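The structure under discussion appears below in the form of structure tokens.
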Amino acid sequence: MASKYDIIVVGSGPGGYVAAIRASQLGKKVAIVEKESLGGICLNWGCIPTKALLKSANVFEYISHAEDYGITVKDAKADFSGMIKRSRGVADGMSKGVQFLMKKNKIDVIMGYGKLKSGKKVEVEADGKKTEYSADSIIIATGGRAKELPNLPIDGKKIIEYRKAMSLEKQPKKMVVVGSGAIGVEFAYFYNSIGTEVTIVEFMDRIVPVEDEEVSKALAKTYKKAGINIMTSSEVTSVDTKGSGCKVTVKTKKGEEKLDCDVVLSAVGVSTNLEGIGLEDVGVSTDKGKVLVDDYYKTNVEGVYAIGDIVHGPALAHVASAEGIICVEKIAGENPEPLDYKNIPGCTYCSPEIASVGYTEKQAKEAGYDLKVGKFPFSASGKASAAGAKDGFVKLVFDAKYGELLGAHMIGANVTEMIAEIVAVRKLETTGHELIKTVHPHPTMSEAVMEAAAAAYDEVIHI
């Protein structure tokens, strides 16, 4: 390892490793510091392995409903340990892929715990030994971890977070999921689909509360039909872990309720990893658990930058990657366009999937827009019918005055693959009428986008 670099990146998640690769492409001498596994939480414990579990659940559901497709299958069983093993294998493969990319791009990988030091230096501790490295620019990309509530202390056995939820030794018979954001509803779907009795407890008045209200209602309807118990406007006040299981006390509008379960999954959000990395030592400014940065992720300290979950904006892998590229290109003297945080897609990989971008209908009204809203149900889609996936819809929200696409909200099969079209359309400032005249292939799920646009302008054909 060299002792001096152009750029040192601390953290190898989707923000850090992408930044390192882009820096190498731009001719910089780069090192990346990682305390655990290359790829960070996303590749090892988040985005990738959870999707592997969800795919296993999806396949099991298909097999369980094989008769709907004219196929007879006998004695299908969910092998919980096999699903966990496959998920870990997928994660390991992706981490090895990042190792390959580091070698390919001639990036030095420094394993250990990184800490900022004054004078543009990073101290890395590994196996009790501390080594200092210096760089012209240092990018902090240390990511986040599961948020812990005072009344819900995570013990890793009966009160768990997402990492433990995807590596349990035994499938629980009953589970209480606290929080109904992406992590909560994804795990609720996975465990319910393989036979665990699941209850979701959500503090807000609806599940997936950041989504459009119609999407929340549609998911709740599907989940209840699948046997998931949903408690909204409710709060877990305590968990008694004495004995073999858990006794969960839930405060509801109607009073207190007691729930028995084997395990409680805390899915109440993300906390940033800012502690112990030397921010205070070098004087990097923070506010409410976030590092303060400019449009190009420069902190108040010369030569120090920050990206990903630890800065403003949504804590999403694709956001961190985009920030890393912009940050590095600015360091390299290029003129990148600042990230448009109003055009960031969000995806939830439950079943049915959820995907959205931009304003909800309520937000657009509150912002003062006069609206045209179009909605197309997948029940009217030929491809959805053929696929046996008629649940859900595409909803588009337009500014009535100029035809600007303000927001899109989808729930249904494969909608996470469809949302990128809307992101591109919004970036290119395409109007509703232009979207209607964009010919979509038939039969596809994506036709629903064209039809929803047509519905907003009273030109819809198939409903």
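The values are calculated or read from the model by the stated rules, or taken from the named source; none is laboratory data. Keep in mind that what you see is a predicted model, and the values were worked out from it rather than measured. Every residue, glycine as well, gets a Cβ built from its backbone with ideal geometry; the counts of neighbours run over all protein chains shown. SASA here: full protein model, heavy atoms, side chains in, ligands and nucleic acids out. Shrake-Rupley method; radii C 1.70, N 1.55, O 1.52, S 1.80 Å.
Considering only residues that are on the phi < 0 side of the Ramachandran plot, open to solvent by 50 Å² or more (accessible area, probe 1.4 Å) and not acidic (Asp, Glu), which ones fall in the range 91-118?
Met94, Lys96, Gln99, Phe100, Leu101, Lys103, Lys104, Met111, Tyr113, Lys115, Lys117, Ser118
Quick grid of which residues meet (1) crowded, with 23+ Cβ neighbours inside 10 Å; (2) within 20 Å of His409 (Cβ to Cβ):
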| position | (1), (2) |
| --- | --- |
| Arg163 | no, no |
| Met166 | no, no |
| Val208 | yes, yes |
| Asp212 | yes, yes |
| Ala220 | no, yes |
| Lys225 | no, no |
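Go through (1) free of Cβ contacts under 8 Å to residues at least 12 places away in the same chain; (2) closer than 30 Å to Gly179 by Cβ one by one and return the number of the condition Asp458 breaks.
With respect to (1) free of Cβ contacts under 8 Å to residues at least 12 places away in the same chain; (2) closer than 30 Å to Gly179 by Cβ, Asp458 is out only on (2).
Hey, any hits in the range 115-127 for a residue that's more than 20 Å from Gly15 (Cβ to Cβ), free of Cβ contacts under 8 Å to residues at least 24 places away in the same chain and part of a loop (DSSP other than H, G, I, E, B)?
yes
Quick check: anything in the range 133-152 within 30 Å of Tyr5 (Cβ to Cβ), touching a strand residue (DSSP E or B) at 6+ places or on another chain (Cβ under 8 Å) and in a helix (DSSP H, G or I)?
No, the conditions are met nowhere in the range 133-152.
Could you list, in sequence order, the residues of the range 247-281 that are farther than 20 Å from Ile183 by Cα, open to solvent by less than 30 Å² (accessible area, probe 1.4 Å) and not in a strand (DSSP E or B)?
Leu274, Ile277, Gly278, Leu279
Given the conditions (1) open to solvent by 50 Å² or more (accessible area, probe 1.4 Å); (2) modelled with pLDDT of 95 or more; (3) closer than 20 Å to Gly143 by Cβ; (4) not acidic (Asp, Glu), which single one is not true for Ala20?
The one condition Ala20 does not meet is (1).
When you check Ala57 against the structure, is it in contact (Cβ under 8 Å) with a residue 60 or more places away in the chain, open to solvent by less than 20 Å² (accessible area, probe 1.4 Å) and touching a strand residue (DSSP E or B) at 6+ places or on another chain (Cβ under 6 Å), yes or no? Steps first, answer last, please.
On the way: in contact (Cβ under 8 Å) with a residue 60 or more places away in the chain: yes; open to solvent by less than 20 Å² (accessible area, probe 1.4 Å): yes; touching a strand residue (DSSP E or B) at 6+ places or on another chain (Cβ under 6 Å): no.
So Ala57 fails the test.
Does Ala78 qualify as being assigned to a loop (DSSP other than H, G, I, E, B) and either within 20 Å of Leu168 (Cα to Cα) or open to solvent by 30 Å² or more (accessible area, probe 1.4 Å) (or both)?
Working: assigned to a loop (DSSP other than H, G, I, E, B): yes; either within 20 Å of Leu168 (Cα to Cα) or open to solvent by 30 Å² or more (accessible area, probe 1.4 Å) (or both): yes.
Answer is yes for this residue.
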